[in-house]
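Inspection log for the structure reproduced underneath, given as structure tokens.
The values are calculated or read from the model by the stated rules, or taken from the named source; none is laboratory data. These numbers were taken from a predicted model, which means no experiment stands behind them. Neighbour counts run over all protein chains shown; Cβ positions are idealised from the backbone, glycine included. Surface accessibility is based on the protein's heavy atoms, side chains included, excluding ligands, DNA and RNA. Shrake-Rupley method; radii C 1.70, N 1.55, O 1.52, S 1.80 Å.
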Amino acid sequence: MTKENIAVFAITGNGLKQAERIQKVLVDDYNVQLFIPARLQTDILANWIQKGDFKATLQTQFKAVSCLILIMASGIAVRSIAPVLEDKTKDPAVFVVDEEANHVISLLSGHVGGANRWAKLLAEQLESDPVITTATDTQKVAALDNLAKDLNGWYANFKDNTKLINRKLVERDTVYLFIEDYLKGMVETLKGFTIIERDQIQEITEEPIVVVSDRTNFDKAENLIQVVPKVNVLGVGCRKNVTIEMMQNTFVTFMRKNQLAWRSIQKITSIDIKQYEPAVQYLAQTLNTELVFNSAEELKTVDQNYAGSDFVRKTVGVGNVASSSAHFQTQHHVVVDQFHENQITMSIGR
């Protein structure tokens, strides 16, 4: 897995010392680069910024990294990044550390960008105090955007719904929540929500309901917000040169049959000899999802778990491509029955 990029900026000698400390505690898990004024240059590995280039360099890194750590006064930090601020769904995590590392302050993108999480992590490593001002964190309740982040989830009208639900949680208003049992272990906290069962969803008509599910088998309503988690891996097998139309129609039928939301597809996977099939490539591009291929040798390690075709085994080396691919990628048995239509097979792993 590719490490996330973190840029650490310091502007004084004491700040440089803290930057080196931060790099040492984070370097095993992240790609950490230091950015220091050239006047402080030593023999350590860093990007040495020439006079007059500080703001431009910082703003360039703002657009390139997952997280910015700024060892400087909050005022300098705010003025430096202000021209490149865009949107909470796009801006990186930004937090400020004082020169003695007494405080680690989450400044920007606390939830979506992960600044709150990183600030707490770094403060623990540096034995500092994390400073978190996000209302849901200070009130110690869950947040809709944090819930979605835990599950790599999507929900409609992100800004408006986040404001609505988080405000109600902070104010201790009732917000109902239904979450599938198999997703509960993936969520950090549900504190503040009133938990309900699936059969109670339709009984609630006024208070907001958050439904956390990869399924579509419930009625939509104005007071309902569905968080669709990206937790499913779609295994695909097909004959050579199946058409894009065949692939598209099969996918729609398969998802409807199993009452699955298409946004829940995290990854599409198949056997490596199918990597140049236009229909498979099209499906991944349409869903904007990762596409991964497995060798026959890899699939043989799980293929015995599924009924297979002798013809397919003779052709590609394993008897069942769709289910074996989904199983191999998730290392769990598939969660729906394999589906076959238009010379295409599909299966879902989670």
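Couple of notes before you dig in:
- Peptides 332-339, 318-325, 238-245, ordered by how many other C-beta atoms sit within 10 Å of their residues on average, highest first, read 318-325, 332-339, 238-245.
- Approximate spin-label separation residue 5-residue 205, in nm, with each point projected 7 Å along Cα-to-Cβ: 5.4 nm
- You can think of it this way: the chain between residue 159 and residue 120 has 11.6 nm of extra reach, that is 0.36 nm per residue less the Cα-Cα gap.
- Legend: residues 194, 57, sorted from most to least accessible area (1.4 Å probe; ligands, DNA and RNA excluded), read 194, 57.
- A DSSP coil position with no more than 10 other Cβ atoms inside 10 Å describes none of the chymotrypsin sites (Phe, Trp or Tyr not before Pro) in region 159-189.
- Counting only heavy atoms of the protein chains and using a 1.4 Å probe, residue 311 has close to 120 Å² of accessible surface.
- GNM top mover of 195, 271, 204 - the chain, alpha-carbon springs below 10 Å: 204
- The lysines whose alpha-carbon is closer than 26 Å to the alpha-carbon of residue 191, local same-chain residues fewer than 8 away aside, are 88, 120, 140, 149, 159, 163, 168, 220, 230.
- Placing +1 on the Cβ of every Lys and Arg and -1 on the Cβ of every Asp and Glu, with nothing else charged, gives the chain a dipole about its Cα centre of roughly 640 debye.
- Loop-resident trypsin sites (Lys or Arg not before Pro) (DSSP state other than H, G, I, E or B) in region 20-106 with no more than 12 further Cβ atoms inside 10 Å of their Cβ: 51, 63, 90.
- The chain: calculated mean residue ellipticity at 222 nm from DSSP helix runs of at least 4, using -39500 (n - 2.57): -9000 deg cm²/dmol
- Working note: Debye formula, equal point scatterers on the alpha-carbon atoms of the chain, no solvent; log10 I(q)/I(0) at q = 0.10 Å⁻¹ is -0.78.
- Gap separating the Cα centres of region 329-350 and region 1-49, nearest whole Å: 46 Å
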